[in-house]
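Worksheet: the structure to be examined is printed underneath.
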Amino acid sequence: MNHAMKSTLIAVVMATGSTSFAADIPSHPSEIQFRELQFTPPEAQDFRYELSSGVPVFIAESNEFPLVTISMSFKGGEYLVPADKAGLAGLTGGMIRSGGSSTMGPEELDEEFDFLAANVSTSIGDRNARASINCLTSNLDSAFDLFMDMLRNPRFDESRFAIRKDQILESFESRNDAGVQIAIRELGFLMWGEDHFEGRQPTRESIESITIDDMKALHEQIFHPGNLMIAVTGDVEPNEILAFLESKLSDWEVGQISPDIPKPTKTYEPGVYYYEKDQPQVQVLIGHRGIERDDPNAIDVEVMNQILGGSGFTSRITNTVRTQEGLAYTAGSTFSNRVEYPGMFLSYFFTKTPTTALATRLVFDEIGKIQTEEATTEEIEIIQNSLIETFPRNFESKSAMMNLFISDERTGRPADYWKNYRDRVRSVTASDVQEAALNYLNPEQAVIMVVGPVDEIKAGNADSEADANRIATMAEFFNGESTILPQRDPESLKPVDSE
Amino acid sequence: MRTALLTTGLLLATSSISMAQQVEPIEYTLDNGMHFLLMPRDEQPNIITAGWISPVGSVNERPGITGVSHFLEHLLFKGTDYIGTSDAEGDLAFRNQLTEIRQKMRAYTTDVQYKRFYRGEIDNPWDPANDTPELREMRAQMTALQDEQAGITIKNEFDKVYTGNGGSGMNAGTSNDFTVFYINIPSNKLELWSWMESDRLNNPSLRELDAERFVVIEERRQRLEATATGKLDEQFDSMFWVASPYNFPVIGWMSDLMAYTEDEVREYFETYYQPANLTGVIVGDFEVDEAKQLIDSYFGRLENKRAAPSPMVTHSVPLLGEMRFTGECDCQDQVEVRYRSVAYGNPDEPVLDVIADLLNGRTGRLYKSLVEKQGIAASARAGNRSQHFAGSFSFSATPKGDASLEDLELAWLEQIDLLKTEPVSDRELQKIKNQSAADTFRELQDNSSLFFQLAITEAYGGYEYLNTYPRAIQEVTAEDIMRVANEYFKSDARATALYTRKGGEAKLITIDDVKASLPEEMVGMIMPNLEAQLAELDGMNAEQLRQGMAEIESQAEMIPPQMKKLMDYIQQEMQIRLDAIESNGAESSEGGEG
């Protein structure tokens, strides 16, 4: 129905359009006339079913390929794990997949999945856990039974567990190899603390302390229908697959529903923080507390940040630091919003040592500018158009759509959010943008996290041939005060005595 | 149980071959030779992935302009004569003046500054800190011109036009073999895409060339120099490829990045970005007739201005021995063993890919043997990379616990022997074929994945490969695998890279280690002899020690695994004695000179 209408629409446009093609090419793209694009965001309720146990199932049929994906999302993650067992969630998530099931040892199970060409994965993240299977529809029956046995009765095979632990511990040896990894880790420690799951890192000690019983307990806590939502996409008929799931999952008992996510309690000291590392390029992260996802001003902030540094070449930070001054290949800014508490604002760039201070200044100048001057109408319109015109991409593929619906339901996103989204974006004004910049950008509350050769970074480009207004040193930030963070042992992450 | 499953699998394989997706884009070619592949698809409504590809990459470069394909890719985002400036005429005047001064600076630098550099007077001929007064004067002129031009430049207008019209994910990529430009657009914006892309192919401004030079240098630092293994990988590649133009990095050598002139870049553009050398690809929610009309109007205006580019000429010469490359970095200890394999489209390519699949994954041979059974690797993988004009097959791994890089090499050699001498079982081969059949569908599921597959196969010679390749995989036999393993995995034609952690402590093997590694029945026989052997080593001169080590080395592949630690230990002890003799010698000769 929909499809037929669209084709007619195009036919009409084509008929009128053909005359304009014969004429000369417009001299600027702004002169091109585009036909209106009609797009109504799909609504979750049209795809939502429920099992008799109350488990929501979102189903979108697609017959292009003989494949089906069943993706299960569970509430619960690393936030349930005490700090001294940091890393338990990730380890458990991987071990469910690799540790065998009640009827098969790990090797046999892997062989069966591989032979059936079923892609099966399980993982536990910070907030949610996931288990998914993708296979040819014709193999679903046999593959799904193996999958559910694994998911409900993971064996956590001991030798696989030992191998996985060793792999993780080996990988810890390289945690100081890449500057950007150090920068992200240290910024997390400073801003979220070494205990809250947002900032903390697993250590040799925490991984070594993890037992199979720890994994079993976490598995039992998370993987049951009380925490579950399901997305199904692919070559299946909704009612058939619903009946299939009903029959396969009917005896799965509900456990304790996972508690809500704890808020971080740490406060942090703004300032310049260095981590010494001998390398030819310096990584700089400038971060401070951001906003909650459902903040009433979240869309103003989104537009503001897109202008500031969130829209690639179109944004000011990229324009200044990269395009104009040639100081970095990567430069920009982002707000990562959280549902339960304010997330983080982050600006970032990687530059050669002597220009670290200059690039930092340029970023602070851009933050100051967007706070003190209204953005131009053109800038705001470009971002508004972009957010509105790319809006359908949120629903781009059936699986993206189903996962969005699951996430919205789990996090209690207001039901009319997507329906009103484009109007809300369109309503943002220049003063809204400036307000957002004033209220949600706090350069004096920032942590400037810098990884590289500290002495050379501090000196900036003072002795270079650059013209006077391009000379900068790190002394211009936070009154020249700074903290040199201790070097950490890559495995324990404990500070080590500097040489 | 087993038999039942095997049957299911075989059925699955047969049925998937017959129902395997045929990828059949609509082909359309303009009079100027520009070729298009159109693939309407309504699974993702309202969205189009569109772009174009040129079969040009670093293989088409030469010393002096290495990295220019990638640099040009960057410059094609800097706008056109009309996009990116508020005053086209004024802008052109600035560009001409800048071209002139840049040319002068380049001539001066490669003459005067290079000579000073060769004489050791300066450390870097391109560093402004080493400028002579003449050069400083020219640089000041250039900066002044650039700052003045900036007044009429609309920075990143090319990106802004797309962004404001709902374009997203605009980007491009350069490889050794091709350069591809792409973007996602709403389905009503195909004319915008046609306008923008044909405009940059018609009259690219190459504006802001010098600022972009420094952006690319930062990209080089970010991707290569500031990564754990980047700088070493680059040199290993160079060594491995010998003559072939795969022997330098896509991003280019630093000296060349500093040196490009506009003329060089423009000539390169005019040669390789002529319409006859390009393929456009459109995938997603659009009407074919409308697309064809837009293509006619916009891309039809492009002209071929130069002779067709000459194809890549230089082939790699075969490896005549074993190459070993050792380096230290801030990285995990790791080993890579690499062989020459075959170019894209060679009938052995699917066989080599199947071999890699047999080795990889949790049910692959490397995990089962090196990680699980022997416990000597934290990770191990293999891969075949068939590029346009040549290919390579590599094994790489990181050791675990006390295992050495040499232990991993040895384990790899055992795997090769297996491949060469024992036919793979029906079930193991069928497993790979089943996965390949399912993956064929998976890889066609979204617009952008489909876009890249069409564009790249077309640049390599024809999208039809998307249909013939999966069939070729299904036809690979156990005999093919043995034949191919014997043909390409040769010990006397390979390159091995051994990276160790910088400042890492070398773990010395102790007598106890040796004892523990030997089977019990051999301990009593070997250990007493070992002491006598060590005493013998003490009496050897440098030449004898070297010979002894070479001998052990040459027999490495024949040493049984349980004797490996013992031989490593003897080698180590020889090396220690040799080092001692050599350092004594060095001291005395220094003394002599003094």
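Listed residues B:Lys104, B:Lys115; which is over 25 Å from A:Thr323 (Cα atoms), open to solvent by 60 Å² or more (accessible area, probe 1.4 Å), more than 14 Å from every other protein chain (Cβ to nearest Cβ) and outside any loop (DSSP other than H, G, I, E, B)?
When all the criteria are applied, what remains is B:Lys115.
Residues are listed down the side, and each one gets a yes or a no for (1) open to solvent by 10 Å² or more (accessible area, probe 1.4 Å); (2) of a type outside the set (Asp, Glu); (3) more than 30 Å from A:Asn63 (Cα to Cα):
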| position | (1), (2), (3) |
| --- | --- |
| A:Asn403 | yes, yes, no |
| A:Leu438 | yes, yes, yes |
| A:Pro443 | yes, yes, yes |
| A:Ala446 | no, yes, yes |
| A:Met449 | no, yes, yes |
| A:Glu456 | yes, no, yes |
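Go through the stretch B:172-191 and give me each residue that's facing chain A (nearest Cβ under 9 Å), farther than 17 Å from B:Gln453 by Cβ and out of contact with any Lys or Arg (no Cβ under 6 Å at 6 or more places or on another chain). Break it down into steps so the answer makes sense when it comes.
If we filter the stretch B:172-191 for residues that are facing chain A (nearest Cβ under 9 Å), which is where we start, we get B:184-189, B:191.
Add one more test, that the residue is farther than 17 Å from B:Gln453 by Cβ, and what stays is B:185-189, B:191.
Scanning the stretch B:172-191 gives B:Ile185, B:Pro186, B:Ser187, B:Lys189, B:Glu191.
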Among A:Asp145, A:Asp149, A:Asp114, which is the only one that is within 12 Å of chain B (Cβ to nearest Cβ), part of a helix (DSSP H, G or I) and either open to solvent by 10 Å² or more (accessible area, probe 1.4 Å) or of a type outside the set (A, V, I, L, M, F, W, C) (or both)?
-> A:Asp114
Single match in B:Thr398, B:Thr363 (criterion: open to solvent by 20 Å² or more (accessible area, probe 1.4 Å), outside any helix (DSSP H, G or I) and not assigned by TED's automatic domain parsing to the domain that holds B:Tyr246) = B:Thr398
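Taking the stretch B:328-341 only, how many residues are part of a loop (DSSP other than H, G, I, E, B) and more than 15 Å from the chain's Cα centre (by Cα)?
Of all residues in the stretch B:328-341, those part of a loop (DSSP other than H, G, I, E, B) come to B:330-333, B:341.
Applying the additional criterion that residues be more than 15 Å from the chain's Cα centre (by Cα) yields B:330-333.
Number of matching residues: 4.
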Residues of the stretch A:117-142 that turn out to be over 14 Å from A:Val68 (Cα atoms), open to solvent by 30 Å² or more (accessible area, probe 1.4 Å), touching a strand residue (DSSP E or B) at 6+ places or on another chain (Cβ under 7 Å) and not hydroxyl-bearing (Ser, Thr, Tyr), as a count | 2
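Per-residue answers, yes or no, for (1) within 29 Å of A:Asp166 (Cβ to Cβ); (2) touching a residue at least 12 places away in the same chain (Cβ under 8 Å); (3) assigned to a helix (DSSP H, G or I); (4) open to solvent by less than 30 Å² (accessible area, probe 1.4 Å):
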position	(1), (2), (3), (4)
B:Gly345	no, yes, no, no
B:Pro350	no, yes, yes, yes
B:Ser379	yes, yes, no, no
B:Asp402	yes, yes, no, no
B:Leu408	yes, yes, yes, yes
B:Trp412	yes, yes, yes, yes
B:Leu418	yes, yes, yes, no
Find the helices (runs of 4 or more DSSP H) located wholly in the stretch A:202-296 whose residues include 3 or more that are more than 14 Å from chain B (Cβ to nearest Cβ) and open to solvent by less than 20 Å² (accessible area, probe 1.4 Å), and list them.
-> A:212-222, A:238-249
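Yes/no per residue for (1) modelled with pLDDT under 80; (2) more than 37 Å from the chain's Cα centre (by Cα); (3) open to solvent by 80 Å² or more (accessible area, probe 1.4 Å):
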| residue | (1), (2), (3) |
| --- | --- |
| B:Gln547 | no, yes, yes |
| B:Ile570 | no, yes, no |
| B:Gly585 | yes, yes, no |
| B:Glu590 | yes, yes, yes |
| B:Glu593 | yes, yes, yes |
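With the structure loaded, tell me whether B:Arg220 is closer than 28 Å to B:Phe158 by Cα, within 10 Å of chain A (Cβ to nearest Cβ), in contact (Cβ under 8 Å) with a residue 24 or more places away in the chain and open to solvent by 10 Å² or more (accessible area, probe 1.4 Å) or whether it fails that test. Give the derivation first.
Values: closer than 28 Å to B:Phe158 by Cα: yes; within 10 Å of chain A (Cβ to nearest Cβ): yes; in contact (Cβ under 8 Å) with a residue 24 or more places away in the chain: yes; open to solvent by 10 Å² or more (accessible area, probe 1.4 Å): yes.
Spelling it out, B:Arg220 is indeed closer than 28 Å to B:Phe158 by Cα, within 10 Å of chain A (Cβ to nearest Cβ), in contact (Cβ under 8 Å) with a residue 24 or more places away in the chain and open to solvent by 10 Å² or more (accessible area, probe 1.4 Å).
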The one condition A:Ala468 fails out of (1) more than 30 Å from A:Ile230 (Cβ to Cβ); (2) modelled with pLDDT of 95 or more; (3) open to solvent by 60 Å² or more (accessible area, probe 1.4 Å) is (2)
Members of the stretch A:297-307 that are surrounded by fewer than 20 Cβ atoms within 10 Å (Cβ to Cβ) and either closer than 16 Å to B:Ala211 by Cα or of a type in the set (S, T, N, Q) (or both) = A:Asn297
Would it be correct to say that B:Glu458 is free of Cβ contacts under 8 Å to residues at least 40 places away in the same chain, touching a Ser or Thr at 6+ places or on another chain (Cβ under 7 Å) and open to solvent by 30 Å² or more (accessible area, probe 1.4 Å)?
-> no
Can you find even one residue in the stretch B:150-163 that is buried (at least 23 other Cβ atoms within 10 Å of the Cβ) and more than 30 Å from B:Gly90 (Cβ to Cβ)?
-> no
Among the residues of the stretch A:308-337, write down those that are buried (at least 23 other Cβ atoms within 10 Å of the Cβ), under 20 Å from the mean Cα position of the chain (by Cα) and assigned to a helix (DSSP H, G or I).
-> A:Leu308, A:Gly309
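Against the condition open to solvent by 30 Å² or more (accessible area, probe 1.4 Å), more than 10 Å from chain A (Cβ to nearest Cβ), touching a helix residue (DSSP H, G or I) at 6+ places or on another chain (Cβ under 7 Å) and β-branched (Val, Ile, Thr), how does B:Thr314 come out, does it pass? Steps first, answer last, please.
On the way: open to solvent by 30 Å² or more (accessible area, probe 1.4 Å): yes; more than 10 Å from chain A (Cβ to nearest Cβ): yes; touching a helix residue (DSSP H, G or I) at 6+ places or on another chain (Cβ under 7 Å): yes; β-branched (Val, Ile, Thr): yes.
Against the criterion (open to solvent by 30 Å² or more (accessible area, probe 1.4 Å), more than 10 Å from chain A (Cβ to nearest Cβ), touching a helix residue (DSSP H, G or I) at 6+ places or on another chain (Cβ under 7 Å) and β-branched (Val, Ile, Thr)), B:Thr314 qualifies.
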Would you confirm whether any residue within the stretch B:132-151 is under 32 Å from the mean Cα position of the chain (by Cα), more than 14 Å from B:Leu206 (Cα to Cα) and at pLDDT below 95?
-> no
So how many residues does the stretch B:209-251 have that are touching a helix residue (DSSP H, G or I) at 6+ places or on another chain (Cβ under 7 Å) and part of a loop (DSSP other than H, G, I, E, B)?
-> 5
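Determine which member of the set A:Ile388, A:Ile370 is over 30 Å from A:Arg130 (Cα atoms), surrounded by fewer than 20 Cβ atoms within 10 Å (Cβ to Cβ) and aliphatic (A, V, I, L, M).
A:Ile388
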With the first residue restricted to the stretch B:109-128 and required to be outside the structural domain of B:Asp256 (by TED's automatic domain parsing) and under 15 Å from A:Glu465 (Cβ atoms), and the second required to be outside any helix (DSSP H, G or I) and open to solvent by 60 Å² or more (accessible area, probe 1.4 Å), Cβ contacts under 6 Å at 6 or more apart or on different chains are B:Pro128/A:Glu465
Criterion (free of Cβ contacts under 8 Å to residues at least 60 places away in the same chain and either among the acidic types (Asp, Glu) or more than 30 Å from A:Trp252 (Cβ to Cβ) (or both)) met by exactly one of A:Ala178, A:Ala183 = A:Ala178
Please tell me if B:Ile481 is within 14 Å of another protein chain (Cβ to nearest Cβ) and at pLDDT 95 or above.
-> no
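Find the residue count for the stretch A:376-400, including only residues that are more than 10 Å from every other protein chain (Cβ to nearest Cβ) and either farther than 30 Å from B:Ile47 by Cα or free of Cβ contacts under 8 Å to residues at least 60 places away in the same chain (or both).
At the first step, the residues of the stretch A:376-400 found to be more than 10 Å from every other protein chain (Cβ to nearest Cβ) are A:376-377, A:380, A:394.
After this cut, where a residue has to be either farther than 30 Å from B:Ile47 by Cα or free of Cβ contacts under 8 Å to residues at least 60 places away in the same chain (or both) as well, the list is A:376-377.
Residues flagged as more than 10 Å from every other protein chain (Cβ to nearest Cβ) and either farther than 30 Å from B:Ile47 by Cα or free of Cβ contacts under 8 Å to residues at least 60 places away in the same chain (or both) within the stretch A:376-400 amount to 2.
The values are calculated or read from the model by the stated rules, or taken from the named source; none is laboratory data. On a predicted model such as this, the values are computed, not experimentally measured, just so you know. Cβ atoms come from the backbone with ideal geometry, glycine included; neighbour counts cover every protein chain shown. Keep in mind that these areas ignore ligands, DNA and RNA; they rest on the heavy atoms of the full protein, side chains included. Shrake-Rupley method; radii C 1.70, N 1.55, O 1.52, S 1.80 Å.
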